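Quick notes on the structure that follows.
The values are calculated or read from the model by the stated rules, or taken from the named source; none is laboratory data. Note that the structure is predicted; figures quoted are calculated from it, not measured. Every residue, glycine among them, receives a Cβ derived from its backbone with ideal geometry; neighbour counts consider all protein chains shown. Quick note on the areas: whole protein, heavy atoms, side chains included, nothing else; ligands and nucleic acids left out. Shrake-Rupley method; radii C 1.70, N 1.55, O 1.52, S 1.80 Å.
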Amino acid sequence: MKMVVEVDLQDSSTSDPIRSTSDLDDGRRWRTISGLILTVAICGAASVFQPISDAHRSAALDVFVPVDGSYKSLEEAYEALKTLEILGIDKKSDLSSATCENVVKVLGSSSSTLKDAFNALNVNEILKCKIGEAGPKDIVSQLQAGVKDAKLLLDLLLFCQRLGARLSMKMFLQKEQFPGTDISLGDAEAIFRSIKALSQSDGRWRYSSNNPESSTFAAGLAYETLAGVISLAPTELDPSLIQTLKKGIVKLFDSIQKFDDGTFYFDEKSVDASQGPISTTASVIRGLTSFAASESTGLNLPGDKIVGLAKFFLGVGIPGDAKDFFNQIDALACLEDNKFSVPLILSLPSTVISLTKKEPLKVKVSTVLGSKAPALSVKLTQALSSKSVDSSVINNQELKFDADSATYFLDSFPKNFDVGKYTFVFEILLDDSAHEKVYITEAQTKVPIAATGVISIENAEIAVVDSDIGSVESQKKLDLTKDGAVSLSANHLQKLRLSFQLTTPIGNAFKPHQAFFKLKHESQVEHIYLVKTSGKKAELVLDFLGLVEKLYYLSGKYEIQLTIGDASMENSLLSNIGHIELDLPERPEKAPRPPLQSTEPYSRYGPKAEISHIFRIPEKLPAKQLSLVFLGVIVLPFIGFLIGLTRLGVNIKSFPSSTGSAISALLFHGGIGAVLLLYVLFWLKLDLFTTLKALSLLGVFLLFVGHRTLSQLAAASNKLKSA
């Protein structure tokens, strides 16, 4: 299968380069265009869904790797064992010894949590460990007491204990694990109604009566729990309860989300951000399949959405996370074996058809896990070309069936089937009408198909033409299938013309997605031009008179290279045509200079040159003794101030005694102290602007409280004088 890496570029005039290396960084030179055309093996388009294959089985052995013969927890052990069991990989003997010891330990202890007991029962269901009777009987008696209390069952359905609700159902359903133990469910209908009370009008459920938020993930858990209640009910439940539950399922499907490729999935909205689309969708599928298996009337679910859910998990590919891997395989196993409808998947081993090799179209139909489908027929109803979506090249063509390979194939195509991109529309019809109640298929399956072939390249020639009269000065025929040694010469008054014809295998015009013409000067400066196609003819004309400035007036030898590529073209090419000697005018002083070219284009990814920096030599400081003397001179006035205070005597007789005046005086003196502290901080760490901002605020504060304090002192002095 062939793939050509394509780059979309806007058309430009035939005389202007698409891009010059002067416009690019060193690491983005257009010499890499020659590497865009790659022939690689691919397994098909992304929108083609393949059932579970050996790739998943191989990946499962890498994802679920035990440590010293066991897993970290019984939950991880169950997920690994269940996934490997579904994929048909037998690893029980490697894990039985150490894992069964943990199972017996958990089930034999009356202090085990419900979650641990639940995981132990799940593991025991697969490994069939030899467990005693005393421990399980204690757990059963504990559950019998708890299940009779609906509140406990609802509490177990809470977010952190959601597995507990399923544990009670698991214990009762696995009666064979507890021989001789009386396992019975009490008032099943009352428990059913209590759990049903948590349902919401949109089909989602709450985790508890105290939590108003609804959850899609909780809906799956609720349906799985209710399935256990229905199965263990001693008598048939009220049919109206079952019908109400079915209506809730229909409403739940109204909130399903869809991708453009036809896949459907469920997702959480706000409650539990840790639950992504994979775990949420898997929870719903487990709940629905358990509910469908527990009641006899059956579920009538939309078939297109069931197939869309299956395609969602198949489209995930191979998850790298063990939890997602388990959810994917477990959900697909539920869809593989359910009582409402088993989805059938149409897949193609290859979505590329080579007309040169006359390859047939091959189609397979199977279940999601790759099991054989029932007798059916596959019809190719339409083959729509990307060039003309209104008309179909193939109509209502039934595919032949090869029983040995279980493959449907179409070994011949109509004469007007040409290279290009198509959308094939398939229809699956079951031979036995009774199977329509068991299996479900898409009404129509659309698959992208690429038809490839060898494109004919004819009448290729390159010529130097005079600009004035248009006469051909020199002309060379080209064989673009191999490198040539064409030698041309031209001046700035002439033109270079390249032309060739492209036709498909049936003679139609072919327009390649990539057609580039490159001129590479001996100084490594490159220029890329787009070759335009009109009908069958592709042509490029370069007028050197208008390009002298873009060519940087560089005379000399230019290598000529042509690149033609397309996804439908099996013979994409990169041809070195030859060279041309250009005689251009002298470069004017103000004309742009050519960019400097690196000898190694990928040198920008190498180690950078070491940067050496010489710091400024610190200025010479004064002697330490001189600095200390200067500090003493600065501190001396403050010391004199303190001595003067002691000599003059300080008293606080005039300090205000009233509450308001005293507060103002304290704030005033505190403000002065804050200013002094700000000066100290300015000396130690603050810059000038920060200090001025703080000082301005303190100044306003001091102005207010100082004015108030002085006014109060003046008023008190006036009262003394008047007295």
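Each of SER231 and ASP267 was given a label point 7 Å from its Cα along the Cα-to-Cβ line. The distance between the two points is 3.2 nm.
Computed from the C-beta positions of ASP202 and ASN416, the FRET efficiency with R₀ = 35 Å rounds to 0.10.
In percent, how large is the relative contact order of segment 461-593, given Cα pairs closer than 8 Å and 6 or more residues apart? Value for segment 461-593: 29 percent.
Rolling a 1.4 Å probe over the heavy atoms of the protein chains gives segment 583-721 an accessible area of 90 Å² per residue.
Counting only aspartates and glutamates at least 8 places from LYS339 when in the same chain, those with an alpha carbon closer than 19 Å to its own are GLU224, GLU295, ASP304, ASP330, ASP432, GLU436, GLU442.
What FRET efficiency do you get for LEU631 and SER722 if R0 is 41 Å and r is their Cβ-Cβ distance, rounded to the nearest 0.05? Plugging the Cβ-Cβ distance into 1/(1 + (r/R0)^6) gives 0.20. Per-peptide packing, taken as the mean over residues of other Cβ atoms within 10 Å, places 688-699, 430-441 in the sequence 430-441, 688-699 from highest down. When both segment 373-434 and segment 80-134 are represented by their alpha-carbon centers, they are found 48 Å apart.
Each peptide in 115-123, 503-511, 196-204 gets a packing score, the mean of other Cβ atoms within 10 Å over its residues, and the list from highest to lowest is 115-123, 196-204, 503-511. With both labels modelled 7 Å from their Cα along Cα-to-Cβ, the GLU589 to ASN508 distance reads 6.1 nm.
The residues packed around ILE249, meaning those with a beta-carbon under 13 Å from its beta-carbon, carry a net charge of +2 if Lys and Arg are +1 and Asp and Glu are -1.
For segment 601-723, the relative contact order works out to 24 percent when only alpha carbon pairs closer than 8 Å and six or more residues apart are counted. Fully extending the segment from ALA662 to TYR679 would add 3.5 nm, taking 0.36 nm per residue of separation and subtracting the current Cα-Cα distance. Judged by the mean number of other Cβ atoms found within 10 Å, the most tightly packed of the peptides 223-230, 679-686 leads the ranking 223-230, 679-686. Once the Cα-Cα distance is subtracted from the 0.36 nm per residue extended length, the LYS379 to VAL472 segment shows a gain of 27.8 nm. Per-residue 3J(HN,Hα) values for segment 440-449, derived from phi via the Karplus relation 6.51 cos²θ - 1.76 cosθ + 1.60 with θ = phi - 60°, read 9, 10, 5, 4, 9, 10, 9, 10, x, 10 Hz in sequence order (x marks Gly and Pro). Taking amide hydrogens as placed 1.01 Å from N in the peptide plane, the amide H of LYS511 sits under 5 Å from that of no residue at least 5 positions away in sequence or on another chain. For the pair LYS128 and VAL454, a Förster radius of 56 Å applied to the C-beta separation gives a FRET efficiency near 0.40, rounded to the nearest 0.05. Each label was represented as a point 7 Å from its Cα along the Cα-to-Cβ direction; for SER405 and VAL389 these points are 3.2 nm apart.
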